[in-house]
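Input: a single structure, listed below in structure tokens.
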Amino acid sequence: MAATRYRRFLRLCEEWPRDASKQDRDLGTFMRQRIAVAFREGENTQIADPEKCDQMYESLARINSNFYKSKFPRFQDTNFTGVTAEECRMVLNTDNLQQIEDAKKGIWKKLKDKFSKPPEEGSKD
């Protein structure tokens, strides 16, 4: 029975899309890593709690098939801020987040350099 579960999870991994714009923060990548750890021995892995394993698979399969998106359709493609899903994806893109971090570091570094300068030699008392 573990072999069947393993194959189901592998099929789910194949179907699950990877978001290249999120590099190390992608849910698909994280899921693949967790499945690799959980099924270290492949089809021969002994599962401690088969019910929990099946429950997890069913939950992930529902997310992958957009079950809840179909069950609860949205009338608009925006959220409470008025930002569309595509704009959110652009903001959460790894490159954009890196630029934001660099900008923050730039300001911090400027302040640090400004206040950590050694006193000038001409102002000795």
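The values are calculated or read from the model by the stated rules, or taken from the named source; none is laboratory data. Source: prediction; values computed, not measured. All Cβ positions, even for glycine, are placed from backbone atoms using ideal geometry, and neighbour counts span all protein chains on display. Quick note on the areas: whole protein, heavy atoms, side chains included, nothing else; ligands and nucleic acids left out. Shrake-Rupley method; radii C 1.70, N 1.55, O 1.52, S 1.80 Å.
Within 13 Å, Cβ to Cβ, of Val83, how many net charges do the neighbouring residues add up to if Lys/Arg are +1 and Asp/Glu are -1?
Numbers: positive: Arg89; negative: Asp77, Glu86, Glu87.
Taking every other residue near Val83 into account, the sum is -2.
Counting Lys and Arg as +1 and Asp and Glu as -1 over every other residue whose Cβ lies under 13 Å from the Cβ of Glu58, the net charge comes to +2.
Can you tell me the accessible area per residue over the chain, all protein chains present, probe 1.4 angstrom, in square angstrom?
That works out to 86 Å² for each residue.
Listed by chain and number, the lysines whose C-alpha is less than 21 Å from the C-alpha of Lys112, apart from same-chain residues fewer than 8 away, are Lys104. Tell me which aspartates and glutamates have Cα within less than 13 Å of Lys109's Cα, excluding those fewer than 8 residues away on the same chain? Leaving aside aspartates and glutamates fewer than 8 places away in the same chain, those within reach of Lys109 are Glu101.
Given only helices, namely DSSP H runs of n ≥ 4 each adding -39500 (n - 2.57), what is the per-residue ellipticity at 222 nm of the chain, to the nearest 500 deg cm²/dmol? Walk me through the intermediate numbers first.
Numbers: 6 runs with 76 residues, N = 125.
Roughly -19000 deg cm²/dmol at 222 nm, from the helical runs in the chain.
Taking the protein heavy atoms of the range 1-48 in the context of the full set of protein chains, the accessible area attributed to carbon and sulfur is 49 percent at 1.4 Å. Spin-label model, Gln55 to Arg8: label points 7 Å out along the Cα-to-beta-carbon direction sit 1.4 nm apart.
Determine, for each peptide in 69-79, 36-46, the mean count of other beta carbons within 10 angstrom over its residues, then list the peptides with the highest first.
Numbers: 69-79: 8.5, 36-46: 11.5.
Per-residue Cβ counts within 10 Å, averaged per peptide and sorted highest first, yield 36-46, 69-79.
Evaluating 6.51 cos²θ - 1.76 cosθ + 1.60 at θ = phi - 60° for every residue in the range 12-18, the Karplus couplings come out as 4, 4, 5, 7, 6, x, 9 Hz, glycine and proline recorded as x. The charge dipole of the range 1-96, taken about its Cα centre with unit charges on the Cβ atoms of Lys, Arg (+1), Asp and Glu (-1) only, comes to about 180 debye.
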